[in-house]
1. Calculate how steeply helix 108-125 sits against the longest principal axis of the alpha-carbon atoms of the chain, using the helix alpha-carbon long axis, and give the answer as 0 to 90 degrees to the nearest 10.
2. Taking amide hydrogens as modeled 1.01 Å from N in the peptide plane, which residues meet the under 5 Å criterion relative to Phe191, leaving out close sequence neighbours?
3. Take the alpha-carbon centre of segment 174-230, take the same for segment 27-86, and report the distance between them in whole Å.
4. Which order do the peptides 91-103, 137-149 take when ranked by the mean count of other beta-carbon atoms within 10 Å per residue, highest first?
5. Taking θ as phi - 60°, what are the ³J(HN,Hα) couplings along segment 199-216 by the Karplus curve (6.51, -1.76, 1.60), each to the nearest whole Hz, with x for Gly and Pro?
6. What is the set of long-range amide H partners of Glu46 at a cut-off below 5 Å, with H atoms built 1.01 Å from backbone N?
7. Counting only other residues whose beta carbon sits under 15 Å from that of Pro105, what net charge do I get with K and R as +1, D and E as -1?
8. Report, in cubic angstrom per residue, the convex hull volume of the C-alpha atoms of segment 4-125.
Amino acid sequence: MNKKVLVVEDEALIARDLSFILEDIGIKHIRMAMSYEDALDELKRETFDLILLDINLSSEQDGVDLARHINNTVQTPFIFITSYYNASTVSRAKVTQPLGYLLKPFNANDIRINVEMALYKSDHAKENTAIYLREQSGTIHLELDEIKYLEAQDNYTKIVCQTREIIASQTLKSMLAKLPESNFVRTHKSFAVRVDHISMIKGGFVYIEDDKVPIGRSYKSDFQARIAIL
């Protein structure tokens, strides 16, 4: 299973057990974070498909705080882990919209079911025809077939559409993780295009109507393979 999972758990034995169980169900890429700060560092380094997140982190900021940060930035789906289930915890946690809850002590089957269902929901969510994006003016609705190409701008992404441009408060890497892989392909470290809007490829550039997007040397072979150039 070619998925990346981040485990945020401050109890080393539980973190180790979770890692073993994830390996047993076929997850090959697993990263560990023992605190809120460690998790932030991991999220800056990599894009994950799922996060297993302990609510009761022994730090000033807990798992619910981290969940809010995730929703406001990378928007990676997550499952909460908790050792108790009181009304106050549930009230704070539910508004972050986790894909599931694991109540300690859990068993391997609990984890397998929750992880497989969460990944299934996440994969199928990427097949939607529209997304909602946060920008300075608020949350906007965007049909995916409007998008011509995306351009990285530091920690933001410029989305060039048929009739407008949008600045999304996410990195290009995070944006692409949420878009259907069959429709979008990266051509350069700073650019990705919607495949069915490509009109021509010439001289190291992809042409999309009147716009042209560069093809980076390190991305050329993957790009050609994706669009089946013979």
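Values quoted throughout were computed directly from the atomic coordinates according to the rules given, and no laboratory measurement underlies them. Keep in mind it's a predicted model, so treat the numbers as computed, not measured. Note: ideal-geometry Cβ built from the backbone for every residue, glycine included; neighbour counts use all protein chains shown.
1. Taking the Cα atoms of the chain, the angle to 108-125 is about 30 degrees.
2. Ala152
3. The two parts, judged by their Cα centres, are 32 Å apart.
4. So the peptides 91-103, 137-149, ranked by packing, come out 91-103, 137-149.
5. Values, residue by residue: 9, 6, 10, 7, x, x, 9, 9, 9, 10, 6, 8, 9, 10, 10, x, 9, x Hz.
6. Answer set, sorted by chain and number: none.
7. Around Pro105, the surrounding residues sum to -3.
8. So the per-residue Cα hull volume is 96 Å³.
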